[in-house]
Amino acid sequence: MTTKLLSVEEALEKVIEPITPLGSERIDLLSALGRVITENIIAPIDIPTTANSAMDGYAVRAIDLENASSRNPIRLKVIEDLPAGYIAKSNLDIGQAIRIMTGATIPNGADAVVMVEVTKTDGEYVEIYESVKVGQHIRLKGEDLQAGNLLISSGTKLGTSEIGVLALVQRPFVKVSRQPLVAILSTGDELVEIDEPITPGKVVNSNSYSLAALVKACGGIPFIQPIARDNEAEIRTSIEAALAADFIISSGGVSVGDYDYVKPVLNSLGAELKFWRVSMKPGKPIAFGMLKGKPYFGLPGNTVSSMLSFLLFVRPALLKAMNLAAPWTLPKIKVVLDSDARSKGDRRTYLRATLRYDNGLFYARLAPRQGSGVLSSMLGANALVVLEESVTEMKKGELVDAIIISNMF
(Lines give C-alpha, C1' and ligand atoms only; values in the text may rest on other atoms or scores of the structure.)
Protein backbone atom coordinates (compact mmCIF):
# COMPACT_ATOMS: atom_id res chain seq x y z
CA MET A 1 0.00 0.00 0.00
CA THR A 2 1.31 3.42 -0.91
CA THR A 3 1.77 6.02 1.85
CA LYS A 4 1.51 8.93 -0.58
CA LEU A 5 -1.34 11.38 0.00
CA LEU A 6 -3.37 10.67 -3.12
CA SER A 7 -5.41 13.12 -5.14
CA VAL A 8 -9.15 12.52 -5.29
CA GLU A 9 -8.82 11.32 -8.89
CA GLU A 10 -6.00 8.91 -8.06
CA ALA A 11 -7.94 7.51 -5.11
CA LEU A 12 -11.12 7.11 -7.15
CA GLU A 13 -9.22 5.20 -9.83
CA LYS A 14 -7.98 2.78 -7.19
CA VAL A 15 -11.53 2.38 -5.85
CA ILE A 16 -13.13 1.72 -9.23
CA GLU A 17 -10.52 -0.68 -10.63
CA PRO A 18 -11.31 -3.80 -8.52
CA ILE A 19 -15.10 -3.36 -8.52
CA THR A 20 -16.95 -5.92 -10.62
CA PRO A 21 -20.68 -5.94 -11.45
CA LEU A 22 -22.94 -8.06 -9.28
CA GLY A 23 -25.20 -10.73 -10.72
CA SER A 24 -28.67 -10.19 -12.17
CA GLU A 25 -32.15 -11.13 -11.06
CA ARG A 26 -35.50 -11.24 -12.85
CA ILE A 27 -38.20 -9.08 -11.25
CA ASP A 28 -41.65 -7.76 -12.11
CA LEU A 29 -41.95 -4.50 -14.01
CA LEU A 30 -43.22 -2.19 -11.27
CA SER A 31 -40.56 -3.43 -8.85
CA ALA A 32 -37.93 -2.47 -11.44
CA LEU A 33 -38.37 1.30 -11.00
CA GLY A 34 -35.00 2.76 -10.01
CA ARG A 35 -33.12 -0.46 -10.73
CA VAL A 36 -30.38 -0.96 -13.33
CA ILE A 37 -31.38 -3.14 -16.27
CA THR A 38 -28.89 -5.79 -17.38
CA GLU A 39 -30.31 -6.62 -20.80
CA ASN A 40 -30.83 -4.71 -24.03
CA ILE A 41 -34.48 -4.10 -24.88
CA ILE A 42 -35.25 -4.34 -28.60
CA ALA A 43 -38.57 -3.25 -30.10
CA PRO A 44 -40.31 -6.48 -31.18
CA ILE A 45 -42.85 -4.76 -33.46
CA ASP A 46 -43.69 -1.39 -34.96
CA ILE A 47 -45.66 0.87 -32.65
CA PRO A 48 -48.19 2.07 -33.64
CA THR A 49 -48.84 -1.17 -35.52
CA THR A 50 -50.94 0.76 -38.05
CA ALA A 51 -51.30 4.39 -39.09
CA ASN A 52 -53.91 5.97 -36.80
CA SER A 53 -55.70 9.19 -36.08
CA ALA A 54 -54.03 11.76 -33.84
CA MET A 55 -57.39 13.32 -32.88
CA ASP A 56 -61.15 13.06 -33.06
CA GLY A 57 -62.51 14.14 -36.43
CA TYR A 58 -63.08 12.77 -39.91
CA ALA A 59 -60.89 10.59 -42.07
CA VAL A 60 -60.89 12.11 -45.57
CA ARG A 61 -59.13 12.34 -48.91
CA ALA A 62 -57.11 15.58 -48.88
CA ILE A 63 -57.86 16.20 -52.56
CA ASP A 64 -61.61 16.39 -51.79
CA LEU A 65 -61.00 19.38 -49.50
CA GLU A 66 -58.54 21.26 -51.67
CA ASN A 67 -60.74 24.37 -51.83
CA ALA A 68 -62.48 24.11 -48.46
CA SER A 69 -62.76 27.29 -46.36
CA SER A 70 -65.16 29.03 -44.02
CA ARG A 71 -66.72 30.75 -47.06
CA ASN A 72 -66.66 27.61 -49.15
CA PRO A 73 -67.49 24.59 -46.94
CA ILE A 74 -67.19 21.19 -48.55
CA ARG A 75 -69.90 18.61 -47.89
CA LEU A 76 -68.85 14.97 -47.61
CA LYS A 77 -71.07 11.98 -46.96
CA VAL A 78 -70.33 10.20 -43.67
CA ILE A 79 -70.38 6.48 -44.40
CA GLU A 80 -69.24 5.06 -41.05
CA ASP A 81 -68.34 5.78 -37.44
CA LEU A 82 -64.96 4.36 -36.40
CA PRO A 83 -64.01 4.18 -32.70
CA ALA A 84 -60.48 3.36 -31.48
CA GLY A 85 -59.68 -0.34 -31.48
CA TYR A 86 -61.64 -1.18 -34.61
CA ILE A 87 -60.97 -1.41 -38.35
CA ALA A 88 -63.19 0.38 -40.86
CA LYS A 89 -65.64 -1.85 -42.73
CA SER A 90 -65.62 0.43 -45.79
CA ASN A 91 -62.98 1.84 -48.10
CA LEU A 92 -63.14 5.62 -48.52
CA ASP A 93 -64.12 6.87 -51.97
CA ILE A 94 -64.55 10.27 -53.67
CA GLY A 95 -66.78 12.65 -51.69
CA GLN A 96 -66.88 10.46 -48.59
CA ALA A 97 -65.72 10.76 -44.97
CA ILE A 98 -65.54 8.41 -42.00
CA ARG A 99 -66.05 9.80 -38.50
CA ILE A 100 -62.95 8.68 -36.58
CA MET A 101 -61.82 8.72 -32.95
CA THR A 102 -58.31 9.33 -31.66
CA GLY A 103 -56.19 6.20 -32.03
CA ALA A 104 -58.40 4.50 -34.59
CA THR A 105 -56.70 2.94 -37.63
CA ILE A 106 -56.82 5.11 -40.75
CA PRO A 107 -59.30 3.58 -43.24
CA ASN A 108 -58.20 2.47 -46.68
CA GLY A 109 -58.51 5.34 -49.14
CA ALA A 110 -58.08 8.10 -46.49
CA ASP A 111 -54.87 10.14 -46.38
CA ALA A 112 -55.70 12.86 -43.82
CA VAL A 113 -57.84 13.63 -40.78
CA VAL A 114 -59.90 16.78 -40.29
CA MET A 115 -60.31 17.76 -36.65
CA VAL A 116 -63.89 17.91 -35.45
CA GLU A 117 -63.55 21.58 -34.42
CA VAL A 118 -63.63 22.76 -38.07
CA THR A 119 -66.66 20.70 -39.05
CA LYS A 120 -70.43 20.76 -38.68
CA THR A 121 -72.68 17.71 -38.85
CA ASP A 122 -75.61 17.91 -41.27
CA GLY A 123 -77.57 14.68 -41.16
CA GLU A 124 -75.68 12.06 -43.16
CA TYR A 125 -73.22 14.71 -44.25
CA VAL A 126 -70.46 16.76 -42.67
CA GLU A 127 -69.54 20.30 -43.66
CA ILE A 128 -65.81 20.97 -43.51
CA TYR A 129 -64.42 24.51 -43.33
CA GLU A 130 -60.67 23.94 -43.79
CA SER A 131 -58.44 22.22 -46.31
CA VAL A 132 -55.93 19.63 -45.15
CA LYS A 133 -52.60 18.31 -46.34
CA VAL A 134 -51.84 14.67 -47.05
CA GLY A 135 -50.81 13.03 -43.77
CA GLN A 136 -52.30 15.77 -41.57
CA HIS A 137 -53.24 14.55 -38.06
CA ILE A 138 -52.12 11.00 -38.84
CA ARG A 139 -49.70 9.03 -36.69
CA LEU A 140 -47.65 6.83 -38.98
CA LYS A 141 -46.99 3.13 -38.46
CA GLY A 142 -43.80 2.78 -36.41
CA GLU A 143 -43.75 6.50 -35.60
CA ASP A 144 -43.14 5.73 -31.92
CA LEU A 145 -41.08 2.53 -32.07
CA GLN A 146 -39.71 0.60 -35.02
CA ALA A 147 -39.18 -3.16 -34.90
CA GLY A 148 -35.53 -4.03 -34.31
CA ASN A 149 -34.57 -0.68 -32.78
CA LEU A 150 -32.61 -0.63 -29.50
CA LEU A 151 -34.92 1.00 -26.95
CA ILE A 152 -33.11 0.63 -23.62
CA SER A 153 -29.44 -0.30 -23.23
CA SER A 154 -28.09 -2.59 -20.55
CA GLY A 155 -26.71 -0.44 -17.74
CA THR A 156 -29.58 2.05 -17.82
CA LYS A 157 -31.28 3.05 -14.58
CA LEU A 158 -34.98 2.50 -15.09
CA GLY A 159 -37.07 5.62 -14.58
CA THR A 160 -40.76 6.23 -15.08
CA SER A 161 -40.39 6.64 -18.86
CA GLU A 162 -38.47 3.38 -19.20
CA ILE A 163 -41.17 1.56 -17.22
CA GLY A 164 -43.78 2.90 -19.65
CA VAL A 165 -41.79 1.77 -22.69
CA LEU A 166 -41.26 -1.70 -21.18
CA ALA A 167 -45.00 -1.98 -20.66
CA LEU A 168 -45.56 -0.83 -24.24
CA VAL A 169 -43.44 -3.68 -25.58
CA GLN A 170 -45.11 -6.15 -23.21
CA ARG A 171 -42.27 -6.92 -20.81
CA PRO A 172 -43.91 -7.83 -17.48
CA PHE A 173 -40.54 -9.04 -16.16
CA VAL A 174 -37.03 -7.68 -16.72
CA LYS A 175 -33.47 -8.58 -15.74
CA VAL A 176 -31.88 -6.09 -13.38
CA SER A 177 -28.68 -5.94 -11.41
CA ARG A 178 -28.82 -7.34 -7.91
CA GLN A 179 -28.90 -4.66 -5.23
CA PRO A 180 -25.67 -4.67 -3.23
CA LEU A 181 -25.97 -5.46 0.47
CA VAL A 182 -23.87 -2.89 2.32
CA ALA A 183 -22.79 -3.50 5.90
CA ILE A 184 -22.42 -0.29 7.91
CA LEU A 185 -20.61 -0.13 11.22
CA SER A 186 -19.65 2.81 13.37
CA THR A 187 -16.85 2.64 15.90
CA GLY A 188 -16.13 4.61 19.03
CA ASP A 189 -16.61 4.61 22.81
CA GLU A 190 -18.21 8.03 22.53
CA LEU A 191 -21.20 6.82 20.50
CA VAL A 192 -24.72 6.15 21.74
CA GLU A 193 -27.63 4.80 19.72
CA ILE A 194 -30.43 7.10 18.63
CA ASP A 195 -32.79 5.74 21.31
CA GLU A 196 -30.31 6.04 24.20
CA PRO A 197 -29.83 9.03 26.54
CA ILE A 198 -26.96 11.41 25.76
CA THR A 199 -24.61 11.80 28.72
CA PRO A 200 -21.67 14.23 28.91
CA GLY A 201 -18.97 13.37 26.39
CA LYS A 202 -21.23 11.17 24.28
CA VAL A 203 -22.59 11.74 20.75
CA VAL A 204 -25.43 10.12 18.85
CA ASN A 205 -24.50 7.58 16.19
CA SER A 206 -25.91 9.57 13.27
CA ASN A 207 -23.27 8.30 10.82
CA SER A 208 -24.83 4.87 10.49
CA TYR A 209 -28.15 6.40 9.51
CA SER A 210 -26.86 9.05 7.13
CA LEU A 211 -24.72 6.41 5.42
CA ALA A 212 -27.63 3.98 5.29
CA ALA A 213 -29.77 6.67 3.67
CA LEU A 214 -27.03 7.34 1.12
CA VAL A 215 -26.81 3.62 0.34
CA LYS A 216 -30.58 3.47 -0.23
CA ALA A 217 -30.44 6.57 -2.41
CA CYS A 218 -27.87 4.77 -4.60
CA GLY A 219 -30.07 1.70 -4.91
CA GLY A 220 -28.28 -0.50 -2.38
CA ILE A 221 -29.58 -2.31 0.70
CA PRO A 222 -28.04 -1.02 3.96
CA PHE A 223 -27.39 -3.32 6.91
CA ILE A 224 -26.61 -1.34 10.07
CA GLN A 225 -24.51 -3.24 12.60
CA PRO A 226 -24.29 -2.47 16.31
CA ILE A 227 -21.76 0.12 17.46
CA ALA A 228 -18.26 -1.33 17.79
CA ARG A 229 -16.41 0.00 20.81
CA ASP A 230 -12.78 1.09 20.73
CA ASN A 231 -11.05 -2.22 21.22
CA GLU A 232 -9.52 -4.54 18.67
CA ALA A 233 -11.53 -7.60 19.65
CA GLU A 234 -14.93 -5.90 19.20
CA ILE A 235 -13.93 -4.21 15.97
CA ARG A 236 -12.59 -7.49 14.61
CA THR A 237 -15.87 -9.26 15.44
CA SER A 238 -17.89 -6.53 13.72
CA ILE A 239 -15.75 -6.55 10.59
CA GLU A 240 -15.83 -10.34 10.34
CA ALA A 241 -19.63 -10.30 10.63
CA ALA A 242 -19.79 -7.64 7.91
CA LEU A 243 -18.10 -9.99 5.44
CA ALA A 244 -21.53 -11.50 4.75
CA ALA A 245 -22.34 -8.31 2.80
CA ASP A 246 -21.17 -7.24 -0.67
CA PHE A 247 -19.61 -3.99 0.60
CA ILE A 248 -18.38 -2.92 4.01
CA ILE A 249 -18.38 0.65 5.27
CA SER A 250 -17.05 1.66 8.66
CA SER A 251 -16.88 5.16 10.07
CA GLY A 252 -14.30 6.25 12.57
CA GLY A 253 -11.12 4.56 13.71
CA VAL A 254 -9.04 5.24 10.59
CA SER A 255 -7.07 8.25 11.78
CA VAL A 256 -3.77 8.22 13.69
CA GLY A 257 -4.96 8.33 17.28
CA ASP A 258 -4.16 5.82 20.01
CA TYR A 259 -7.72 4.45 19.82
CA ASP A 260 -7.99 4.14 16.05
CA TYR A 261 -8.07 0.36 15.72
CA VAL A 262 -9.71 -0.21 12.33
CA LYS A 263 -6.53 -0.07 10.26
CA PRO A 264 -4.56 -2.52 12.48
CA VAL A 265 -7.50 -4.95 12.50
CA LEU A 266 -7.77 -4.81 8.72
CA ASN A 267 -4.06 -5.52 8.41
CA SER A 268 -4.35 -8.50 10.75
CA LEU A 269 -7.25 -9.89 8.70
CA GLY A 270 -5.16 -9.78 5.54
CA ALA A 271 -6.83 -6.80 3.89
CA GLU A 272 -5.18 -5.48 0.76
CA LEU A 273 -5.26 -1.75 1.47
CA LYS A 274 -5.13 0.38 -1.68
CA PHE A 275 -4.76 3.72 0.06
CA TRP A 276 -5.10 5.51 3.37
CA ARG A 277 -5.64 9.27 3.35
CA VAL A 278 -6.61 11.48 0.43
CA SER A 279 -5.69 15.09 -0.31
CA MET A 280 -9.14 16.54 0.36
CA LYS A 281 -10.94 18.54 3.00
CA PRO A 282 -13.03 17.37 4.69
CA GLY A 283 -12.41 13.65 4.46
CA LYS A 284 -8.62 13.23 4.52
CA PRO A 285 -8.49 10.09 6.74
CA ILE A 286 -10.21 7.61 4.42
CA ALA A 287 -9.04 4.07 3.77
CA PHE A 288 -9.99 1.69 0.97
CA GLY A 289 -9.02 -1.88 0.31
CA MET A 290 -10.20 -5.38 -0.50
CA LEU A 291 -10.94 -7.70 2.41
CA LYS A 292 -11.42 -11.34 1.42
CA GLY A 293 -12.75 -10.18 -1.95
CA LYS A 294 -15.09 -7.56 -0.51
CA PRO A 295 -14.58 -3.79 -1.01
CA TYR A 296 -13.93 -2.13 2.34
CA PHE A 297 -14.28 1.60 2.94
CA GLY A 298 -12.97 3.04 6.18
CA LEU A 299 -14.56 6.48 6.34
CA PRO A 300 -13.76 9.29 8.76
CA GLY A 301 -15.74 9.59 11.98
CA ASN A 302 -16.74 13.24 11.50
CA THR A 303 -20.26 13.32 10.12
CA VAL A 304 -19.74 15.60 7.11
CA SER A 305 -16.41 13.96 6.23
CA SER A 306 -18.13 10.59 6.25
CA MET A 307 -20.95 11.72 3.93
CA LEU A 308 -18.66 13.52 1.48
CA SER A 309 -16.31 10.55 1.34
CA PHE A 310 -19.29 8.35 0.54
CA LEU A 311 -20.46 10.62 -2.29
CA LEU A 312 -17.01 10.86 -3.86
CA PHE A 313 -15.85 7.25 -3.50
CA VAL A 314 -18.45 4.77 -2.24
CA ARG A 315 -21.26 5.94 -4.51
CA PRO A 316 -19.28 5.42 -7.76
CA ALA A 317 -18.24 1.95 -6.58
CA LEU A 318 -21.83 0.96 -5.82
CA LEU A 319 -23.05 2.24 -9.18
CA LYS A 320 -20.39 0.25 -11.03
CA ALA A 321 -21.24 -2.85 -9.00
CA MET A 322 -24.88 -2.43 -10.02
CA ASN A 323 -23.82 -2.47 -13.68
CA LEU A 324 -24.84 1.15 -14.25
CA ALA A 325 -23.21 2.61 -17.35
CA ALA A 326 -20.36 5.08 -16.72
CA PRO A 327 -19.80 7.83 -15.71
CA TRP A 328 -20.36 6.96 -12.06
CA THR A 329 -19.28 10.30 -10.63
CA LEU A 330 -21.62 13.16 -9.72
CA PRO A 331 -22.15 15.90 -12.33
CA LYS A 332 -20.12 19.10 -12.18
CA ILE A 333 -21.22 22.57 -13.31
CA LYS A 334 -20.00 26.15 -13.14
CA VAL A 335 -21.68 28.36 -10.54
CA VAL A 336 -21.43 31.97 -9.39
CA LEU A 337 -20.42 32.52 -5.78
CA ASP A 338 -22.92 34.45 -3.65
CA SER A 339 -20.18 35.26 -1.14
CA ASP A 340 -16.42 35.00 -0.71
CA ALA A 341 -15.02 31.46 -0.33
CA ARG A 342 -11.84 30.66 1.58
CA SER A 343 -9.56 27.70 2.13
CA LYS A 344 -6.11 27.02 3.57
CA GLY A 345 -5.05 25.89 0.12
CA ASP A 346 -3.23 22.80 1.37
CA ARG A 347 -5.79 20.36 -0.04
CA ARG A 348 -8.74 20.39 -2.40
CA THR A 349 -11.64 21.75 -0.37
CA TYR A 350 -15.33 20.97 -0.71
CA LEU A 351 -17.72 23.58 0.64
CA ARG A 352 -21.38 22.81 1.19
CA ALA A 353 -23.68 25.09 -0.78
CA THR A 354 -27.25 25.61 -1.87
CA LEU A 355 -27.78 26.51 -5.51
CA ARG A 356 -30.39 28.81 -6.98
CA TYR A 357 -31.06 29.45 -10.64
CA ASP A 358 -31.50 33.01 -11.91
CA ASN A 359 -31.44 34.38 -15.45
CA GLY A 360 -29.45 31.56 -16.97
CA LEU A 361 -26.91 31.13 -14.16
CA PHE A 362 -26.60 29.03 -11.02
CA TYR A 363 -25.63 30.87 -7.85
CA ALA A 364 -24.07 29.15 -4.84
CA ARG A 365 -24.92 30.21 -1.30
CA LEU A 366 -22.34 28.70 1.06
CA ALA A 367 -23.37 27.19 4.37
CA PRO A 368 -22.29 29.63 7.11
CA ARG A 369 -20.41 26.93 9.04
CA GLN A 370 -18.18 24.53 7.14
CA GLY A 371 -16.70 22.40 9.95
CA SER A 372 -16.36 18.68 9.23
CA GLY A 373 -18.52 17.91 12.25
CA VAL A 374 -21.30 20.38 11.42
CA LEU A 375 -23.93 18.01 10.06
CA SER A 376 -26.49 20.82 9.86
CA SER A 377 -24.39 22.31 7.03
CA MET A 378 -25.74 19.48 4.85
CA LEU A 379 -29.34 20.54 5.40
CA GLY A 380 -30.63 21.93 2.11
CA ALA A 381 -27.19 21.59 0.51
CA ASN A 382 -27.45 20.40 -3.07
CA ALA A 383 -23.89 21.10 -4.19
CA LEU A 384 -20.25 21.09 -3.16
CA VAL A 385 -18.27 24.14 -4.24
CA VAL A 386 -14.75 23.00 -5.15
CA LEU A 387 -11.66 25.03 -4.27
CA GLU A 388 -8.59 23.40 -5.76
CA GLU A 389 -5.35 22.91 -3.90
CA SER A 390 -3.34 26.16 -3.62
CA VAL A 391 -6.51 28.27 -4.00
CA THR A 392 -7.00 30.16 -0.76
CA GLU A 393 -9.77 32.56 -1.73
CA MET A 394 -12.38 33.20 -4.40
CA LYS A 395 -14.44 36.38 -4.45
CA LYS A 396 -18.17 36.84 -4.57
CA GLY A 397 -19.32 36.87 -8.20
CA GLU A 398 -16.53 34.61 -9.48
CA LEU A 399 -17.24 31.42 -11.42
CA VAL A 400 -16.26 28.22 -9.65
CA ASP A 401 -16.77 24.48 -10.11
CA ALA A 402 -19.52 22.80 -8.12
CA ILE A 403 -20.55 19.15 -7.80
CA ILE A 404 -24.28 18.48 -7.76
CA ILE A 405 -25.12 16.18 -4.84
CA SER A 406 -28.94 16.26 -4.83
CA ASN A 407 -31.94 17.57 -6.72
CA MET A 408 -31.82 21.31 -7.33
CA PHE A 409 -35.55 21.84 -7.69
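The values are calculated or read from the model by the stated rules, or taken from the named source; none is laboratory data. Computed from a predicted model, the values in this text were never measured in an experiment. Here Cβ is always computed from backbone atoms with ideal geometry, including for glycine, and neighbour counts include all displayed protein chains. Remember, those area values only see protein heavy atoms, side chains included, never the ligands or the DNA or RNA. Shrake-Rupley method; radii C 1.70, N 1.55, O 1.52, S 1.80 Å.
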Out of the stretch 365-409, which residues are without any contact (Cβ under 8 Å) to a residue 40 or more places away in the chain, in a loop (DSSP other than H, G, I, E, B) and open to solvent by less than 60 Å² (accessible area, probe 1.4 Å)?
Ala367, Gln370, Gly380, Ala381, Asn382, Ser406
When residues of the stretch 186-245 are limited to those that are touching a residue at least 40 places away in the same chain (Cβ under 8 Å) and of a type in the set (Asp, Glu), the one surrounded by the fewest Cβ atoms within 10 Å (Cβ to Cβ):
Asp189
Please identify the pairs in which a residue from the stretch 136-158 that is on the phi > 0 side of the Ramachandran plot has its Cβ atom under 6 Å from the Cβ atom of a residue that is surrounded by fewer than 19 Cβ atoms within 10 Å (Cβ to Cβ), counting only partners at least 6 apart or on another chain.
His137/Ala54; His137/Met55; Gly142/Asp46; Gly155/Ala325
Count, please, the residues in the stretch 306-319 that happen to be open to solvent by 10 Å² or more (accessible area, probe 1.4 Å) and more than 17 Å from Glu10 (Cβ to Cβ).
4
Can you name the residue in the stretch 116-140 that is open to solvent by less than 60 Å² (accessible area, probe 1.4 Å) and in a strand (DSSP E or B) and, of all such residues, is farthest from Ala167 (Cα to Cα)?
Glu127
Take Ala84 and tell me if it is in a loop (DSSP other than H, G, I, E, B) and either surrounded by fewer than 20 Cβ atoms within 10 Å (Cβ to Cβ) or over 47 Å from the mean Cα position of the chain (by Cα) (or both).
yes
Residue that is most open to solvent (accessible area, probe 1.4 Å), among those in the stretch 150-161 that are under 20 Å from Trp328 (Cα atoms) and of a type outside the set (Ser, Thr, Tyr):
Lys157
Only residues that are in contact with a Gly (Cβ under 9 Å, 6 or more places away or on another chain) and surrounded by 19 or more Cβ atoms within 10 Å (Cβ to Cβ): list them for the stretch 55-73, please.
Ala59, Arg61, Asp64
In the stretch 83-127, what residues are in contact with a strand residue (DSSP E or B) (Cβ under 9 Å, 6 or more places away or on another chain), farther than 14 Å from Ser53 by Cβ and hydrophobic (A, V, I, L, M, F, W, C)?
Val118, Val126
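Matching residues to (1) open to solvent by 50 Å² or more (accessible area, probe 1.4 Å); (2) in contact with a Ser or Thr (Cβ under 7 Å, 6 or more places away or on another chain); (3) within 30 Å of Asn40 (Cα to Cα); (4) not acidic (Asp, Glu):
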residue: Trp276; (1), (2), (3), (4): no, no, no, yes
residue: Phe288; (1), (2), (3), (4): no, no, no, yes
residue: Val304; (1), (2), (3), (4): no, yes, no, yes
residue: Trp328; (1), (2), (3), (4): yes, no, yes, yes
residue: Asp338; (1), (2), (3), (4): no, no, no, no
residue: Asp346; (1), (2), (3), (4): yes, no, no, no
Of Leu330, Leu312, which residue is more than 15 Å from the chain's Cα centre (by Cα), at pLDDT 95 or above and not in a strand (DSSP E or B)?
Leu312
Among Leu33, Leu12, which is the only one that is open to solvent by 70 Å² or more (accessible area, probe 1.4 Å) and in contact with a helix residue (DSSP H, G or I) (Cβ under 9 Å, 6 or more places away or on another chain)?
Leu33
Among the residues of the stretch 37-54, are any assigned to a helix (DSSP H, G or I) and either open to solvent by 60 Å² or more (accessible area, probe 1.4 Å) or out of contact with any Pro (no Cβ under 6 Å at 6 or more places or on another chain) (or both)?
no
Residue check, Glu143 against (1) closer than 30 Å to Ile37 by Cα; (2) crowded, with 18+ Cβ neighbours inside 10 Å, all met but one. Which one?
(2)
Filter the stretch 166-180 down to residues that are assigned to a loop (DSSP other than H, G, I, E, B) and open to solvent by less than 10 Å² (accessible area, probe 1.4 Å), then give me how many there are.
1
